[in-house]
Amino acid sequence: MSRFALVNARVLAEAGIVDGGALVIEDGRIIALTDAAGARARTDDLRDLGGAWLAPGFIDLQVNGGGGVLFNNTPTAAGIAAIGRAHRRFGTTAFLPTLISDGADTMRRAIAATGQAIANGVDGVLGIHLEGPYLAPARKGTHDARQFRVPDEDEMAMATALDNGITLMTVAPERLGPERIAALVARGALVFAGHTAGSYEQIRAGLDAGLRGFTHLFNAMSPLQGRSPGAVGAALEDEASWCGVIVDGVHVHPGALRVALAAKRPGKLLLVTDAMPMVGAESPSFELYGETITAVDGVVRNAAGALAGSALDMASAVRNSVRLLGLPLQEAVRMAALYPAQCLGLDHERGRIAPGLRADLVALDDRLQVVETWIGGSSATG
């Protein structure tokens, strides 16, 4: 039995901020939220956090790469592990490695690698996010439109074959139609709309067929206009769906994000990074589809100058949500932890600080920089 306590923290607990709080952790789970005296009564192993913020570990639904690794280029369990190591330095304790539109063989390898990573116990990997290739050429972003297609029955079965983790799929609803969306949902996939030129009516039909949410709201989707609400209008109107947002000050204007916060039911916007290999790496460049992609001043663009993912990490997304959007720290943390957990149906295990839950945690200093990260109670920073 392994038992220790984290003491002298400002704990971002479910009921509010617990100043001078302490967590007692045993065998990778939180067994008590108390104070220093209560912790001392349970264990002699006290680890003083010096007044740091203690938050639930962040959960990222959209991680294309990190640590110099792009999932498309390295669709292996080792590649996933390298990506996870890079992101946990920034407070991410659980994630979905994300495959950008690619051929069926690469998809098959990525799915197999994800299953192997889970079997190997790679820290934090929850499943896979297949962002494409069932997307709209008119809203392709940096995706290779030559890879775009409508799946047949065999490919739908292959894409949803992961039986030991979560499969999140980003699709253009107008390309698949309600019947295919419903079929993917029936196979157990969580289906999001993204890279879509669909009309409001087409997106609404997709929601009725089982769409669960929207990938990087505002980006690569039909906009909200007075007589044509588009995908953005459907997303903001719908009460049940989730919306991932990239809060880097580049992908979406802070004013537009504040509009989304005002329009969307509380708890339905969640932070994602859309991170590329330069997160946690020295090199600002990588190769995608044979083209060099480079980050300049933190903005990732392809040779044509179009945005190509981000150099964002989740700790920065939390800081930006506080500084650019004016959110309280506790709500910014919920957008990085609780709401993603709820979206994935994992809030009974992750995304909150409460007795019985996994000890997936992040300590932040007053500048909201990561001090230390724990995954299953094990320190995982660096």
Can you tell which of Ala311, Ala317, Ala337, Ala281 is open to solvent by less than 30 Å² (accessible area, probe 1.4 Å), within 28 Å of Ala363 (Cα to Cα) and either without any contact (Cβ under 8 Å) to a residue 60 or more places away in the chain or touching a Gly at 6+ places or on another chain (Cβ under 6 Å) (or both)?
Ala337
Which one is surrounded by the fewest Cβ atoms within 10 Å (Cβ to Cβ), of the residues in the range 263-277 that are touching a helix residue (DSSP H, G or I) at 6+ places or on another chain (Cβ under 9 Å) and more than 15 Å from Phe95 (Cα to Cα)?
Pro266
Is it true that Thr273 is within 27 Å of Leu70 (Cβ to Cβ) and without any contact (Cβ under 8 Å) to a residue 12 or more places away in the chain?
no
Which number in (1) assigned to a strand (DSSP E or B); (2) surrounded by fewer than 20 Cβ atoms within 10 Å (Cβ to Cβ) marks the one condition that Gly255 misses?
(1)
With the structure loaded, tell me whether Ala117 is surrounded by fewer than 22 Cβ atoms within 10 Å (Cβ to Cβ), of a type outside the set (Phe, Trp, Tyr), out of contact with any His (no Cβ under 7 Å at 6 or more places or on another chain) and more than 19 Å from Ala315 (Cα to Cα) or whether it fails that test.
no
Tell me the residue from Thr93, Thr74 that is over 15 Å from the mean Cα position of the chain (by Cα) and among the hydroxyl-bearing types (Ser, Thr, Tyr), please.
Thr74
How about the range 189-218: which of its residues are under 21 Å from Leu344 (Cα atoms), touching a residue at least 60 places away in the same chain (Cβ under 8 Å) and part of a strand (DSSP E or B)?
Leu190, Gly213
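Quick one: in the range 124-146, which of the residues that are at positive phi and part of a loop (DSSP other than H, G, I, E, B) is most open to solvent (accessible area, probe 1.4 Å)?
Step one: filter the range 124-146 for residues at positive phi, giving 124, 127, 132, 141.
Narrowing the set further to residues that are part of a loop (DSSP other than H, G, I, E, B) leaves 124, 132, 141.
Values: Gly124: 11, Gly132: 4, Gly141: 38 Å².
Going through the qualifying residues, I end up with Gly141.
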Sole exception among (1) touching a residue at least 60 places away in the same chain (Cβ under 8 Å); (2) surrounded by fewer than 23 Cβ atoms within 10 Å (Cβ to Cβ); (3) closer than 30 Å to Arg149 by Cβ for Ala82, by number
(1)
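Tally time: how many residues in the range 52-76 are small (Gly, Ala, Ser), out of contact with any Gly (no Cβ under 7 Å at 6 or more places or on another chain) and open to solvent by 20 Å² or more (accessible area, probe 1.4 Å)? Let's see the steps before the verdict.
If we filter the range 52-76 for residues that are small (Gly, Ala, Ser), which is where we start, we get 52, 55, 57, 65-68.
Right, trim to out of contact with any Gly (no Cβ under 7 Å at 6 or more places or on another chain) and you get 52, 55, 65, 68.
Next, only the ones that are open to solvent by 20 Å² or more (accessible area, probe 1.4 Å) stay: 68.
The total comes to 1.
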So Arg265 fits all but one of (1) over 21 Å from Arg301 (Cβ atoms); (2) part of a helix (DSSP H, G or I); what number is the exception?
(2)
Under 8 Å by Cβ, and 6 or more places apart or on different chains, what pairs join a residue from the range 112-124 that is without any contact (Cβ under 8 Å) to a residue 40 or more places away in the chain and among the aliphatic types (A, V, I, L, M) with one that is open to solvent by 30 Å² or more (accessible area, probe 1.4 Å) and not in a helix (DSSP H, G or I)?
Ala113/Thr76
List pairs: first residue in the range 245-261 and farther than 15 Å from Ala220 by Cα, second residue outside any helix (DSSP H, G or I) and open to solvent by 40 Å² or more (accessible area, probe 1.4 Å) anywhere in the structure, Cβ distance under 6 angstrom, at least six positions apart or on different chains.
Gly249/Leu324; Pro254/Leu324
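The values are calculated or read from the model by the stated rules, or taken from the named source; none is laboratory data. Since the structure is predicted, the reported quantities are computational estimates derived from the model, not experimental observations. Cβ sites come from the backbone with ideal geometry, for glycine too, and all protein chains shown count toward neighbours. Ligands, DNA and RNA are stripped out before the accessible areas are found, and what is left, the full protein with its side chains, is counted by its heavy atoms. Shrake-Rupley method; radii C 1.70, N 1.55, O 1.52, S 1.80 Å.
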